[in-house]
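A.B. asks: Provided herewith is a single structure, encoded as structure tokens, for subsequent inquiry.
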Amino acid sequence: MYKIGDTVLYGSEGVCKITQITEKCFGDSAIEYYILTPVFNERSTFFVPTKNETLVSRMKPILTNGEIMELISSTDETDEWVENDIERKELFKSIISSGEIKSVISILKSIIHHKEMLDSVGKKLHKADETVLKESQKILYEELAMEMELSKDEVIDIICSKIKK
């Protein structure tokens, strides 16, 4: 069980702080909630029922800088670029929504390398792939920025240099 003040990665929503644990009454029953506030967007709030295993499983402890760098180094790209735009979009969407950091790193690497290949022949990345690239960067960069106490922009250079190795 998490406690007030814990910092977690909440699926594709990014890094959040648990600001409260509270009960809300609905009719005759009371439901206990974690109240999450995104660290990089304090205007949003998420209510996660503490007894909802599916939603609570999307809350993951923040990894250390070393753990993230090791994952970046050891994670391969997705096996093969999915040529069908619709299938690729659905695959990437499911990975992003899971918040599984290793899978997010994998698609991030794949998209970056695919983008480099397209750039070399004067083409641009598909709009849906660009969106997934930004979402995956957000997840990874926010977690690292939080852990390393750097701005998201400072983390971008560190990640890109590590991925391009």
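The values are calculated or read from the model by the stated rules, or taken from the named source; none is laboratory data. This is a predicted model, so every value here is computed, not measured. Methodologically, a virtual Cβ is constructed for each residue, glycine included, from the backbone with ideal geometry; neighbour enumeration extends over all protein chains shown. We work out accessible area using only protein heavy atoms, side chains counted, and drop any ligands, DNA or RNA first. Shrake-Rupley method; radii C 1.70, N 1.55, O 1.52, S 1.80 Å.
A.B. asks: Would you mind working out the accessible area per residue for region 31-165, using a 1.4 Å probe, and quoting it in Å²?
C.D. replies: 58
A.B. asks: For region 99-149, compute the orientation-averaged projected area of the C-alpha convex hull (one quarter of its surface), in nm².
C.D. replies: Values: hull surface 15.2 nm².
Over all viewing directions, region 99-149 projects a mean Cα-hull area of 3.8 nm².
A.B. asks: Please build a GNM for the chain, connecting alpha carbons under 10 Å apart, and tell me which residue among Lys134, Lys109, Lys17 fluctuates the most.
C.D. replies: Of Lys134, Lys109, Lys17, the most mobile in the Gaussian network model is Lys134.
A.B. asks: May I ask for log10 I(q)/I(0) of the chain at q = 0.13, 0.19, 0.21 Å⁻¹, from a Debye sum over the Cα atoms as equal point scatterers with solvent left out?
C.D. replies: The Debye formula, applied to the Cα set alone, gives -0.67, -1.20, -1.37.
A.B. asks: Loop-only GluC sites (Glu not before Pro) in region 105-161, please: DSSP not H, G, I, E or B, and at most 11 other Cβ atoms within 10 Å.
C.D. replies: Glu149
A.B. asks: Mind checking which of Ser110, Asn65, Ser120 is farthest towards the positive end of the chain's charge dipole, using Cβ charges of +1 (Lys, Arg) and -1 (Asp, Glu) about the Cα centre?
C.D. replies: Looking along the dipole axis, the top candidate is Ser120.
A.B. asks: Give me the percent of the accessible area of region 84-165 that comes from carbon and sulfur atoms, probe 1.4 Å, all protein chains in place.
C.D. replies: Accessible surface attributable to carbon and sulfur in region 84-165 totals 53 percent.
A.B. asks: How many angstrom lie between the C-alpha centres of region 85-130 and region 16-52?
C.D. replies: 31
A.B. asks: I've got another one for you. Loop-only check: which trypsin sites (Lys or Arg not before Pro) in region 22-105 are DSSP coil with at most 14 other Cβ within 10 angstrom?
C.D. replies: Arg43, Lys51
A.B. asks: From the helices alone, meaning DSSP H stretches of at least four residues, give me the mean residue ellipticity at 222 nm for the chain, per-run term -39500 (n - 2.57), in deg cm²/dmol to the nearest 500. Walk me through the intermediate numbers first.
C.D. replies: Details: 6 runs with 82 residues, N = 165.
That comes out to -16000 deg cm²/dmol.
A.B. asks: Given Lys24/Lys138; Lys17/Lys93; Lys89/Lys138, which pairs have Cα atoms separated by over 22 Å?
C.D. replies: Result: Lys24/Lys138; Lys17/Lys93 exceed 22 Å.
A.B. asks: Considering only protein heavy atoms and a probe of 1.4 Å, how much of the accessible area of region 1-79 is carbon and sulfur, as a whole percent?
C.D. replies: 48
A.B. asks: Taking the Kirkwood radius as the inverse of the mean 1/r across Cα pairs, report the Rg/Rh of region 1-64.
C.D. replies: We get a ratio of 0.98 for region 1-64.
A.B. asks: Something else about it: Under a 10 Å cutoff between Cα atoms, tell me which one of Asn65, Asn41, Asn84 has the largest fluctuation in the Gaussian network model of the chain.
C.D. replies: Asn84
A.B. asks: Name the GluC sites (Glu not before Pro) in region 26-83 that are in a loop by DSSP and that have at most 11 other C-beta atoms within 10 Å, would you?
C.D. replies: Values: sites: Glu32, Glu42, Glu53, Glu67, Glu70, Glu77, Glu80, Glu83; in loops: Glu42, Glu77, Glu80, Glu83.
In loop regions of region 26-83 (DSSP not H, G, I, E or B), the sparsely surrounded GluC sites (Glu not before Pro) are Glu42, Glu80, Glu83.
A.B. asks: With a 1.4 Å probe and all protein chains in place, put Val155, Val39 in order of accessible area, largest first.
C.D. replies: Result, largest first: Val39, Val155.
A.B. asks: Continuing with the same structure: Normalized C-alpha radius of gyration of region 68-133, against 2.2 N^0.38 Å?
C.D. replies: It is 1.09.
A.B. asks: If you place +1 on the Cβ of every Lys and Arg, -1 on the Cβ of every Asp and Glu, and leave all else neutral, what size is the dipole of the chain about its Cα centre, to the nearest 20 Debye?
C.D. replies: Charge dipole of the chain: 260 debye, to the nearest 20.
A.B. asks: Can you give me the solvent accessible area of Ile156 with a 1.4 Å probe, rounded to the nearest 10 Å²?
C.D. replies: Taking all protein chains as shown, Ile156 has close to 60 Å².
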